[in-house]
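Since every read-out is calculated from the coordinates, none of them should be taken as a lab result. Note that the structure is predicted; figures quoted are calculated from it, not measured. Heads up, the Cβs are rebuilt from the backbone with ideal geometry, glycines too, and the neighbour counts pull from every protein chain shown.
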Amino acid sequence: MLLYNVTVKIDRNIQEDWLQWMRSAYIPKMKRLGGFAGHRICKLLGTDETDGFTYAVQYLCTDIPAFQHFQIEHEANMEVEMMQKFPNQFVHFSSILEIVE
């Protein structure tokens, strides 16, 4: 099992709108397109929140071929969708992790 982690620092003025959109539109679409088995949204604690809040959005993926398919076919378009919805209001990076235990 793999964990696709997307860490996002979102402008504090749009945090609630972003969370609502993530829950109602973006995450369901990610799960549908990427075949992800589940997800969670985590808020980072102990960080400087003067200019925004940091979240880790995590998606469970069954195997590497499924993730690679998502990466090739959908990842770039999903990033563009968020950039168009919230231009210049967030920064992000992603990583893929193997769940060991």
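Each residue of the stretch 78-90 was assigned a 3J(HN,Hα) from its phi angle through the Karplus expression (A = 6.51, B = -1.76, C = 1.60, θ = phi - 60°), giving 5, 5, 4, 4, 5, 5, 6, 6, 10, x, 6, 10, 7 Hz with x at Gly and Pro. Taking Cα centre as origin and charging only the Cβ of basic (Lys, Arg, +1) and acidic (Asp, Glu, -1) residues, the dipole magnitude of the stretch 15-64 rounds to 400 debye. Karplus-based coupling profile of the stretch 61-74, in residue order and whole Hz: 10, 6, 7, 5, x, 5, 5, 4, 4, 4, 4, 6, 8, 9, with θ = phi - 60° in 6.51 cos²θ - 1.76 cosθ + 1.60 and x standing for Gly or Pro. Annotation: average projected area of the chain is 6.5 square nanometres, based on the convex hull of Cα atoms across all directions. Here residue 47 and residue 73 are evaluated by their C-beta separation; at R0 = 30 Å the FRET efficiency comes out at 0.35. About its Cα centre, the stretch 2-98 has a charge dipole of approximately 300 debye under the convention of +1 per Lys or Arg Cβ and -1 per Asp or Glu Cβ, with nothing else charged.
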